[in-house]
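The next block holds one structure in the form of structure tokens; read it before the comments.
The values are calculated or read from the model by the stated rules, or taken from the named source; none is laboratory data. If you're wondering where the values come from, they're calculated on a predicted model, not measured in any experiment. A quick note on method: Cβ atoms are made from the backbone with ideal geometry, for glycine too, and the neighbour counts reach across all protein chains shown. Accessible surface areas use protein heavy atoms only, side chains included; no ligands, DNA or RNA. Shrake-Rupley method; radii C 1.70, N 1.55, O 1.52, S 1.80 Å.
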Amino acid sequence: MDFSDQFQGFRLEAEQALDRWVPAATTRPTRLHAAMRYSLEAGGKRLRPMLVLAAADRYGRRSDALAAAVAIECVHTYSLIHDDLPAMDNDDLRRGRPTCHKAFDEATAILAGDALLTHAFALLAAHYGDRPALAIALVRELGFAAGSTALVGGQMEDIEAEKTAATREQVEFIHAGKTAAMIAASLVCGGLVGGATAAEIEALRRLGQELGLAFQVIDDVLDATATSTELGKTAGKDAHAQKATMVRVLGLDGARDRAKAHTASALRELSQLPGDTSFLKKLVESLETRGS
Ligand code: GRG
């Protein structure tokens with residue numbers, strides 16, 4: 001099977017699992033569940049669930065990892081909904097559609113984000129509860145990645161750094177928190193479900209951190225160079241809001257070089273992992289040249 005078929009296969013499995021494990025839009029209160037599904041079903045690249053599945057697949061445990069993949073995509077989608085709120089980035093467009101608070105209203109969008117975040121942990125406990133050590137490891141991994149020293153912490157420093165002369169160190173801290181932590185957690189959760197050794201888990205984490213840093217620098221480059229239609233979200237917002245980005249600190253060419261360096265480090269980490277890593281290798285390479 002070639003890369004594109006494998007990619008579509010992972011994506012389809014992740015989307016079917018999302019449909020299965022998130023309450024239907026007809027569940028009461030319907031407005032809340034409709035808003036959760038509106039944002040989840042708007043699409044997106046599904047990178048994080050794909051990383052969960054690809055990591056678990058190396059151990060032959062792909063279908064067992066589906067609930068973890070759904071949990072991670074729920075947390076990611078919550079972060080996008082809240083990131084778009086008027087108190088945060090105040091954005092109108094996400095995943096090619098009006099943002100959740102535009103399509104519904106602000107209170108509903110806040111609650112939809114809260115409910116997706118909470119659902120993720122309920123799902124992990126429900127699905128892996130018969131293997132308590134695994135359930136605890138997954139909850140711990142996702143809890144730290146989504147928490148105050150990672151996703152939320154990165155967002156906090158991102159807001160604080162707006163309109164300041166941020167340093168490269170600050171931007172890297174923000175990128176590590178708001179983006180790389182969840183990408184690393186995706187690979188680690190896949191490895192945990194697969195029963196990876198402690199050394200393999202740490203290799204997956206380093207791979208995810210490097211991939212996440214590359215991913216966010218490319219995001220910064222795309223914000224400065226692509227159109228809103230290509231991105232499915234408002235382009236040019238970083239410069240407008242005077243965000244602390246790698247493009248602001250290093251310029252476009254400098255940022256592209258950083259992305260290349262992080263991608264090369266990610267590929268080096270990947271080469272340390274045993275087994276067939278050809279899908280992950282192609283995925284890492286494809287993200288460096290992505291257009292959205
Ligand atoms: C708790 C009120 C409250 C807010 C928290 C944590 C948070 C808000 C926001 C996270 C910030 C954020 C959106 C970080 C950027 C990470 C990133 C690059 C997101 C885009 O990921 P893609 O391109 O998106 O994979 P798709 O739509 O393809 O899934």
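Which of the residues spanning the range 78-107 are assigned to a loop (DSSP other than H, G, I, E, B), without any contact (Cβ under 8 Å) to a residue 40 or more places away in the chain, away from the ligand (no atom under 11 Å from the Cβ) and open to solvent by 60 Å² or more (accessible area, probe 1.4 Å)?
Answer for the range 78-107, where residues must be assigned to a loop (DSSP other than H, G, I, E, B), without any contact (Cβ under 8 Å) to a residue 40 or more places away in the chain, away from the ligand (no atom under 11 Å from the Cβ) and open to solvent by 60 Å² or more (accessible area, probe 1.4 Å): just 90.
Kindly indicate whether any position in the range 247-264 is within 17 Å of the chain's Cα centre (by Cα) and of a type in the set (Lys, Arg).
Taking every residue of the range 247-264 in turn, none turns out to be within 17 Å of the chain's Cα centre (by Cα) and of a type in the set (Lys, Arg).
(1) open to solvent by 10 Å² or more (accessible area, probe 1.4 Å); (2) touching a residue at least 60 places away in the same chain (Cβ under 8 Å); (3) acidic (Asp, Glu); (4) within 16 Å of the ligand (Cβ to nearest atom): which one isn't true of residue 200, the others all being true?
All conditions are met except number (4).
Before we move on, is residue 269 assigned to a helix (DSSP H, G or I), at pLDDT 95 or above, of a type in the set (Asp, Glu) and within 18 Å of the chain's Cα centre (by Cα)? Even if it seems obvious, please write down each step before you answer.
Values: assigned to a helix (DSSP H, G or I): yes; at pLDDT 95 or above: yes; of a type in the set (Asp, Glu): yes; within 18 Å of the chain's Cα centre (by Cα): no.
Judged against the criteria, residue 269 is not a match.
Yes/no matrix, rows are residues, columns are (1) surrounded by fewer than 17 Cβ atoms within 10 Å (Cβ to Cβ); (2) more than 23 Å from residue 266 (Cβ to Cβ); (3) within 16 Å of the ligand (Cβ to nearest atom); (4) of a type in the set (Lys, Arg):
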{"position": "109", "(1), (2), (3), (4)": "no, yes, yes, no"}
{"position": "112", "(1), (2), (3), (4)": "no, yes, yes, no"}
{"position": "115", "(1), (2), (3), (4)": "no, yes, yes, no"}
{"position": "132", "(1), (2), (3), (4)": "yes, yes, no, no"}
{"position": "151", "(1), (2), (3), (4)": "no, no, yes, no"}
{"position": "156", "(1), (2), (3), (4)": "yes, yes, yes, no"}
{"position": "159", "(1), (2), (3), (4)": "yes, yes, yes, no"}
{"position": "179", "(1), (2), (3), (4)": "no, no, yes, no"}
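Quick one: residue 51 ticks every box in (1) part of a loop (DSSP other than H, G, I, E, B); (2) under 24 Å from residue 148 (Cβ atoms); (3) touching a residue at least 60 places away in the same chain (Cβ under 8 Å) bar one, so which box is it?
For residue 51, the failing item is (1).
For the condition closer than 21 Å to residue 77 by Cβ, within 13 Å of the ligand (Cβ to nearest atom) and in contact (Cβ under 8 Å) with a residue 40 or more places away in the chain, what is the one hit in 211, 187?
211
Which residue, of 60, 44, is within 16 Å of the ligand (Cβ to nearest atom) and not in a helix (DSSP H, G or I)?
On the way: 60 fails: within 16 Å of the ligand (Cβ to nearest atom).
Testing whether each residue is within 16 Å of the ligand (Cβ to nearest atom) and not in a helix (DSSP H, G or I) leaves just 44.
Go through 231, 280, 267 for me and flag whichever is away from the ligand (no atom under 13 Å from the Cβ) and open to solvent by 20 Å² or more (accessible area, probe 1.4 Å).
Answer to the check: 267.
Under the condition of being under 18 Å from the mean Cα position of the chain (by Cα) and of a type in the set (Phe, Trp, Tyr), which residue from the range 1-32 is least open to solvent (accessible area, probe 1.4 Å)?
10
For every residue, the table says whether it meets (1) open to solvent by 50 Å² or more (accessible area, probe 1.4 Å); (2) part of a helix (DSSP H, G or I).
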| residue | (1), (2) |
| --- | --- |
| 212 | no, yes |
| 219 | no, yes |
| 235 | no, no |
| 239 | yes, yes |
| 242 | yes, no |
| 248 | yes, yes |
| 274 | yes, no |
| 287 | no, yes |
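Tell me the residue from 62, 37, 58 that is without any contact (Cβ under 8 Å) to a residue 60 or more places away in the chain and under 22 Å from residue 191 (Cα atoms), please.
One residue alone meets the criteria, 62.
State all residues of the range 161-177 that are within 16 Å of residue 209 (Cα to Cα), open to solvent by 10 Å² or more (accessible area, probe 1.4 Å) and within 15 Å of the ligand (Cβ to nearest atom); if no residue qualifies, say none.
172, 173, 176 - these are the residues of the range 161-177 that are within 16 Å of residue 209 (Cα to Cα), open to solvent by 10 Å² or more (accessible area, probe 1.4 Å) and within 15 Å of the ligand (Cβ to nearest atom).
Only one of (1) in contact (Cβ under 8 Å) with a residue 40 or more places away in the chain; (2) exposed (fewer than 15 other Cβ atoms within 10 Å of the Cβ); (3) assigned to a helix (DSSP H, G or I) fails for residue 121. Which number is that?
Result: residue 121 passes all but (2).
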